Each structure stands twice: as C-alpha cells, then as structure tokens.
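Accompanying notes for the structure given below.
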Amino acid sequence: MDEKEELHLTSQELQVLSELDSRQFGFLKLRGNEHGRTRALVLKAVKYLEGMLVQVKEEERACSPGARRDICIDPKTYCKLGHFHLLLEDYAKAMSAYQKFFALEQDNWKDPLFLYGLGLCYYHYNAFDWLVMHELYS
C-alpha cells in the first residue's frame, strides 16, 4: 500500500475490532499463523489510529497560538490502541498508550479493561512498584 494512500476500515472490520480488548490477551495468539487475518487487521487498525493521532498533532502545530482547535481525541482511542499493542505483544507501546489514557481520562479507574491491560504490562515488566507509584501520585 502506498504511504500516501488513505487507510480505510470497513464496517465489518470495525465490528471485529470493537470486540477486541485486553481480555483476549493470552487466548488470541496473534504471533502465530492461526490468527493471521486478525493480526493483519489489528496491524491495520494500529496504523490507522497512529496515523490519525499524528495528523491531529501536525494540525495542532500548524494552528496559530491561541487558535480554536475543533479536533479532540477521545481518550478511549489511546485505551483501544493500548489493547491492540498488548494483543500484538508490543508491551512498550501498549504501556505508552495506556499511560496516555491514564493521564487524559479522569475516571480511568472505572474502566476494568484498561486496568487489566495496564496490569498485564506491569506484570510483563515485573514492575509492580510502578503500579504503587501510579497510585500514590494520581
């Protein structure tokens, strides 16, 4: 696919993606060949979401200081991106996306799928003290 070509997700792809979250971690093995189509779809979604976030950042930089910005990214976008990276076993990117959601979403503690995904990342890094530090400073 050409880099300049726009990336589109069909309604069927969006439906499949809407059902994926941190609960599938460990059950949905995206590294093997068994779920190759799902892996390709998740990679496509990651590329789409990351492209959208980059585009918004570029548009914000292009605006003059003090100008009204009409584009607002829903914090749940970062949570979903975290879930996708977690399922792809890219823990660093999952952690980054979850931490962005944590910073933007005031009621993050009410989202059990976020907490589970973040906990899995902490577990992967054997970084339980990070979790305690998060709780102390939030």
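The values are calculated or read from the model by the stated rules, or taken from the named source; none is laboratory data. Predicted model only: the values in this text are computed from it and were never measured. These area figures cover heavy atoms from the full protein model, side chains too; ligands, DNA and RNA do not enter into them. Shrake-Rupley method; radii C 1.70, N 1.55, O 1.52, S 1.80 Å.
Things to note:
- Checking the cross-link pairs Lys44/Lys110; Lys29/Lys110; Lys47/Lys76; Lys76/Lys100 against a 21 Å limit on the alpha carbon distance flags Lys44/Lys110; Lys29/Lys110 as lying beyond it.
- Cα gyration tensor, segment 10-65 - rounded (a/c under 1.5), prolate or oblate: prolate
- Segment 87-117 and segment 1-63: distance between their alpha carbon centers, rounded to Å: 16
- Shown are Glu34, Glu19, Glu60, whose ranking by accessible area with a 1.4 Å probe and every protein chain present, most to least, is Glu34, Glu19, Glu60.
- In this view, the solvent-accessible surface of Thr10, computed with a 1.4 Å probe and all protein chains in place, comes to about 70 Å².
- Taking Tyr116, Tyr123 and ordering them by how much accessible surface each has at a 1.4 Å probe, largest first, produces Tyr123, Tyr116.
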